[in-house]
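Undergrad: Submitted below is the structure of interest, expressed as C-alpha cells.
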Amino acid sequence: MKFVVNGITFSRIILTLLLFRFEPLSTSFFILYMLCGLSDMADGYLARKTGTTSEFGAKLDSLADLVMVFAVLIILIPVLTIPLRDIIWIVCIALIRLISLITVAIKFRKFGIVHTYANKATGFALFLFPLLLAAIGLPLTTVLLCTMGTISALEELLMHLINTDLDINQKSIFK
C-alpha cells in the first residue's frame with residue numbers, strides 16, 4: 001500500500017509538470033490543477049488510514065507541494081498583472097522558505113518541511129488561488145495568500161531555529 005500512496009504523491013509531480021502544456025486558467029488547466037489538488041489530499045489521507053506513513057513519503061509530499069507551488073507561480077505570474085510590491089512580497093516569502101530549507105540541511109543534515117497547521121492552511125489557500133481570484137479579485141487574493149504565506153514561513157523558520165530536533169509533524173510553534 002505504501003507504494004500506492006507514494007505513487008499518488010509522485011503522480012502529483014507529473015500532473016503538475018503537465019500544467020505547462022495548457023493555457024493558464026483554461027478549463028483544461030483547471031481540471032488538471034484540481035486533479036493535482038485531489039492527489040495531494042488523497043495521498044496523506046490514505047497513508048494515515050492505512051498506517052503507511054513514512055519519512056520518505058512525507059519528504060516526497062513536501063517536494064511535490066514545492067513543485068506544484070513553484071510551477072503554478074511560473075505559469076500564472078506572467079498572465080496576471082501583479083504589482084511589483086506583491087512580487088517582492090512573494091520573493092521574500094520564497095527566500096524565507098529557502099533559508100528554512102538551508103537551516104534544516106545545515107542543522108539537521110536532512111531535507112524537511114514541517115506539516116504545521118499554518119503550512120497546511122496556506123497550502124489549501126494556494127490550492128484555492130484560481131477560485132479566490134475569480135471570487136474576490138487579484139488584489140485581495142494576493143494580500144490573503146501572502147499574509148498566510150509569510151506567517152507560515154516565519155513560523156516554520158522559527159521552529160527550525162529554536163528546536164533541537166526536526167519533527168516534520170509538529171503542528172505549530174506552540175506544539
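Undergrad: Only Cα pairs under 8 Å and at least 6 apart count here; give the relative contact order of region 1-120 as a rounded whole percent.
TA: Relative contact order for region 1-120 comes out at 29 percent.
Undergrad: Could you tell me which of 84, 149, 53 has its Cα farthest along the dipole of the chain towards the positive end, charges placed at Cβ (Lys, Arg +1; Asp, Glu -1), taken about the Cα centre?
TA: 53
Undergrad: Pulled fully out, how much extra length does the chain show between residue 99 and residue 165, if you take 0.36 nm times their separation in residues and subtract their Cα-Cα distance?
TA: Numbers: separation 66, 0.36 × 66 = 23.76 nm, distance 1.72 nm.
Length gained between residue 99 and residue 165: 22.0 nm.
Undergrad: Okay, moving on. Give me the mean projected area, in nm² to one decimal, of the convex hull enclosing the Cα positions of region 47-175.
TA: Average projection, Cα convex hull of region 47-175: 8.5 nm².
Undergrad: Using a 1.4 angstrom probe on the protein heavy atoms only, could you order 99, 162, 77 from most to least accessible area?
TA: Final ranking, largest accessible area leading: 162, 99, 77.
Undergrad: Ignoring ligands, DNA and RNA, what percent of the accessible area of the chain is carbon or sulfur (1.4 Å)?
TA: 73
Undergrad: Given R₀ = 45 Å, FRET efficiency for residue 82-residue 54 by Cβ-Cβ distance, to 0.05?
TA: Numbers: r = 38 Å, r/R0 = 0.84.
Taking R0 as 45 Å, the efficiency between residue 82 and residue 54 is 0.75.
Undergrad: If 86, 165, 40 are ordered by their accessible area, calculated over protein heavy atoms with a 1.4 Å probe, which sequence runs from highest to lowest?
TA: Result of the area sort, largest leading: 165, 40, 86.
Undergrad: Hey, what's region 1-124 come to in accessible area per residue, 1.4 Å probe, Å²?
TA: 58
Undergrad: Applying 1/(1 + (r/R0)^6) with R0 = 22 Å to the Cβ-Cβ distance of residue 41 and residue 134, what FRET efficiency is obtained, to the nearest 0.05?
TA: So the FRET efficiency works out to roughly 0.55.
Undergrad: Testing the spin-label approximation: label points 7 Å from Cα along Cα→Cβ at residue 174 and residue 111. State their distance in nm.
TA: 3.3
Undergrad: Select from region 114-175 those chymotrypsin sites (Phe, Trp or Tyr not before Pro) which occupy a DSSP coil region and have at most 13 other Cβ atoms within 10 Å, ordered by residue number.
TA: 174
Undergrad: How big is the gap, in Å, between the Cα center of region 17-56 and the Cα center of region 105-142?
TA: Spelled out, the Cα-based centre of one part sits 14 Å from the other.
Undergrad: Using Cα springs under 10 Å in a Gaussian network model of the chain, which residue among 148, 159, 34 shows the largest mean-square fluctuation?
TA: Top of the fluctuation ranking is 34.
The values are calculated or read from the model by the stated rules, or taken from the named source; none is laboratory data. Values in this document were obtained by computation on a predicted structure and should not be read as measured data. In this analysis, Cβ positions are derived from the backbone assuming ideal geometry, glycine residues included, and neighbour counts consider all displayed protein chains. These area figures cover heavy atoms from the full protein model, side chains too; ligands, DNA and RNA do not enter into them. Shrake-Rupley method; radii C 1.70, N 1.55, O 1.52, S 1.80 Å.
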